[in-house]
Amino acid sequence: MWNYKTFGIPDEEFIRGKVPMTKEEVRTITISKLRLQEDHTVVDIGAGTGSLSIEAALVCKNGTVLSIERKEEGIDLIKKNMEKFHINNLIPIHGKAVEALNDIDFFHRAIIGGSGGQLEEIVRMCHEKLVDGGILVVNAITIETLYNSIKFMEKEGFEKIETICVNISRGDKLGNYTLMKGLNPIYIITGKKQ
């Protein structure tokens, strides 16, 4: 159970497997960029372990979070983490994003953490199904995904597109010394549907 009102549940609190997980500091910034309200419907595409979904569900306690994940292990981890954090407003959806998005009428916010090679179509569908004023946040590890995210968001008509690069280093003890160990840089791209 997470009893705090701040973002950034420590990574070790989540039940994890081999599925990728958005790191604590990146989650904190991503949730902040979403500008969530308690009654929002949020779609988390490529949800992995569900760490972003869990944090969004804690904020949107009168709303709904839909976690789309194509890997069975990811769905199992999302369910386990829902139970651990006592989350009841999250719906795990097993399948590919494009097919899953077809069955959703609208949402207020969307996160793309993984696209399975269908980024352009997913961005298009997010623009179509986001309410006016809705926000899309894409987390990218590669420069190609960064470039394509911006290109596809511009093509669909997203406005106020913002890109940041997050470089996190964590202290690692080596005897009496602490060395900073760098994590992979992450690009966070945010756009708004006007």
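Working only within region 41-64, note down all residues that are of a type in the set (Val, Ile, Thr) and either under 20 Å from Ile164 (Cα atoms) or buried (at least 24 other Cβ atoms within 10 Å of the Cβ) (or both). Hits for region 41-64 are Val42, Val43, Ile45, Thr49, Ile54. Among residues of region 1-16 that are under 10 Å from Ser51 (Cβ atoms), those with a Cβ under 6 angstrom from a residue that is at pLDDT below 85 and assigned to a loop (DSSP other than H, G, I, E, B), sequence gap 6+ or separate chain, pair up as Ile9/Trp2. For beta carbons closer than 6 Å, sequence separation of 6+ or different chains, a first residue in region 145-157 that is assigned to a helix (DSSP H, G or I) and a second that is surrounded by fewer than 18 Cβ atoms within 10 Å (Cβ to Cβ), the qualifying pairs are Phe152/Glu120; Met153/Ile161; Glu156/Arg124. Contact map, region 69-94: residues that are under 20 Å from Ile9 (Cα atoms) paired with residues that are among the hydroxyl-bearing types (Ser, Thr, Tyr) and in a helix (DSSP H, G or I), Cβ distance under 7 Å, separation 6+ or inter-chain. Pairs shown: Ile78/Ser53; Leu90/Ser53.
Reported count of residues in region 158-194, each being in a strand (DSSP E or B), under 17 Å from the mean Cα position of the chain (by Cα) and not hydrophobic (A, V, I, L, M, F, W, C), is 6.
Filtered by the rule that a residue be surrounded by 22 or more Cβ atoms within 10 Å (Cβ to Cβ), of a type in the set (S, T, N, Q) and within 20 Å of Gly63 (Cα to Cα), region 9-40 gives a lone residue, Thr30. Taken over region 65-95, the residue count meeting the criterion of being surrounded by fewer than 18 Cβ atoms within 10 Å (Cβ to Cβ) and either among the basic types (Lys, Arg) or touching a helix residue (DSSP H, G or I) at 6+ places or on another chain (Cβ under 7 Å) (or both) is 5.
The values are calculated or read from the model by the stated rules, or taken from the named source; none is laboratory data. Small disclaimer: the values here were computed from a predicted structure and weren't measured. Virtual Cβ from ideal backbone geometry, glycine too; neighbours counted across all protein chains shown.
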